[in-house]
1. Using θ = phi - 60° and the Karplus form 6.51 cos²θ - 1.76 cosθ + 1.60, what ³J(HN,Hα) does each residue of segment 336-346 get, whole Hz, x for Gly and Pro?
2. How long are the three semi-axes of the equivalent ellipsoid of segment 218-257, in whole Å, if each is the root of 5 times an eigenvalue of the C-alpha gyration tensor, listed from largest down?
3. Can you give me the three principal axis dimensions of segment 115-204 from its C-alpha atoms, in Å, biggest first?
4. Using the Karplus equation 6.51 cos²θ - 1.76 cosθ + 1.60 (θ = phi - 60°), what ³J(HN,Hα) coupling, rounded to whole Hz, does each residue of segment 59-72 give in order, writing x for Gly and Pro?
5. Using only C-alpha positions, report the orientation-averaged shadow area of the convex hull of segment 234-292, nm², one decimal.
6. Rounded to the nearest angstrom and ordered from largest down, what semi-axes does the equivalent ellipsoid of segment 1-129 get from its C-alpha gyration tensor (root of 5λ)?
7. In degrees, nearest 10, range 0 to 90: what is the angle between the Cα axis of helix 185-194 and the longest Cα principal axis of the chain?
8. Expressed as an acute angle from 0 to 90° and rounded to the nearest 10, what is the orientation of the C-alpha long axis of helix 162-174 relative to the principal long axis of the chain?
Amino acid sequence: MGKAVAALDFGTSKVSAVIGRIESRGGIAILGAGAVPYAGFRNNEWIEPEELAAIIRKAQKRSERRAHRRMRELYVVIPGEFTETQLRQVTMKPSGPGGLITREDMDSLSRMAADYDKPVHYRLLHLNLLGASLDGTMVWQDPVGRMCGEVTAYHSCIAADGLFMESIEEMLGEMGLGVVEYVAAPLSTGRMVAESVAPDHTVIVIDSGYFTSDLIVIRNGCVLHHESIELGGGHITSDLAVELELSMYDAEFVKRRNPVGMATGAGPGRMAVDWSDRKLSVRMDDVRAIMERRIEELAGIVSSSLTRLGLEMGKLTDVFLTGGGVSLIRGARETVSRELGVMVHHYIPKAPLLNSPAFASVMGAVHWAFRNHTDPSLTWWDRLKKSFLEFI
């Protein structure tokens, strides 16, 4: 059995801490996990920053108690909203004899790709080589040793909010916890999902949370596109509360117990619940119509984004719906499939205890830790330089 690792994830409605270990057959065993609801973040700011440390501590303690071991160092997931992805294209003539591409050439191209204007306070976190064009011919393998007149490299560059990383590191330091590595959620979640399909396929992931949803397009282990969509499960709850005149608690209850995508009039006409202090009664068709409208809106935004990217969905494209915001609603996957015109699959992490779409992001960090093990003694810059030499 392998060494245990710990991961910390900040969702839009919960903080999750997980301790896992890789099994002899390559599967991941979850030793302990803790998920604690919290106010989350909106527009790159914590809603209740003064409560964050206590929430992290509570998630940590729950995970440690169930795993019967202490956390000391963590892989920390940076939410997609605190990251920015760019696909960079850089060109040079090979320096080797007769136009031979050398390792030094590829390193130079990596440095050129990393040198671009980033948002204020952002710094480069991940740099991965997607592929290279050799005199116009695209290759997806490491081109070192090949010959051409001109090589153009395509790099996926993911920058992250440095202030986010500094604040989390300071907070964890006060708890006696260190950070092994930060990983951007679009990359770790995207790679985990992509591992379930053929390596030459383009993978589209819709990771829906409570307040926001992440659209991730990944190929060859590289994020080609990522965007945060301000629409999640919480918007459906809010719509139900406003339009049916329910409390947010009752609206959430109704949302979790009703499917979408069914024909009008299917199933019981009303949903009635007799609480100890009040009664709840709503028309099923009204509930379905409200929920379906928001899910169709999310699918429409995704469709428009993919059209702008010029991405045609076909046999070499796989689409997945995950996250706890929308994918847990019965019929949501079928509704998104209908709107996009392709088969959409559910993605559920392959791990006992956490085999729910709601834990896709934190499981992506555990997956990252095992598939991309980093020597904890290396500095952040050493790890970044090391990533320049990796070809995914």
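Since every read-out is calculated from the coordinates, none of them should be taken as a lab result. Just so we're clear, the structure is a prediction, and the values are computed from it rather than from any experiment.
1. 5, 4, 5, 5, 8, x, 9, 6, 9, 9, 6
2. Values: eigenvalues 225, 22, 6 Å².
Those come to 34, 10, 5 Å.
3. Here the spans come out as 53, 33, 24 Å, largest first.
4. Rounded to whole hertz, the list is 5, 4, 5, 4, 5, 5, 5, 6, 8, 6, 7, 8, 7, 10.
5. Numbers: hull surface 14.8 nm².
Projected over every direction and averaged, the Cα hull of segment 234-292 covers 3.7 nm².
6. Numbers: eigenvalues 298, 108, 18 Å².
Taking √(5λ) for each eigenvalue gives 39, 23, 9 Å, largest first.
7. Taking the Cα atoms of the chain, the angle to 185-194 is about 90 degrees.
8. Relative to the chain, helix 162-174 is tipped by roughly 70 degrees.
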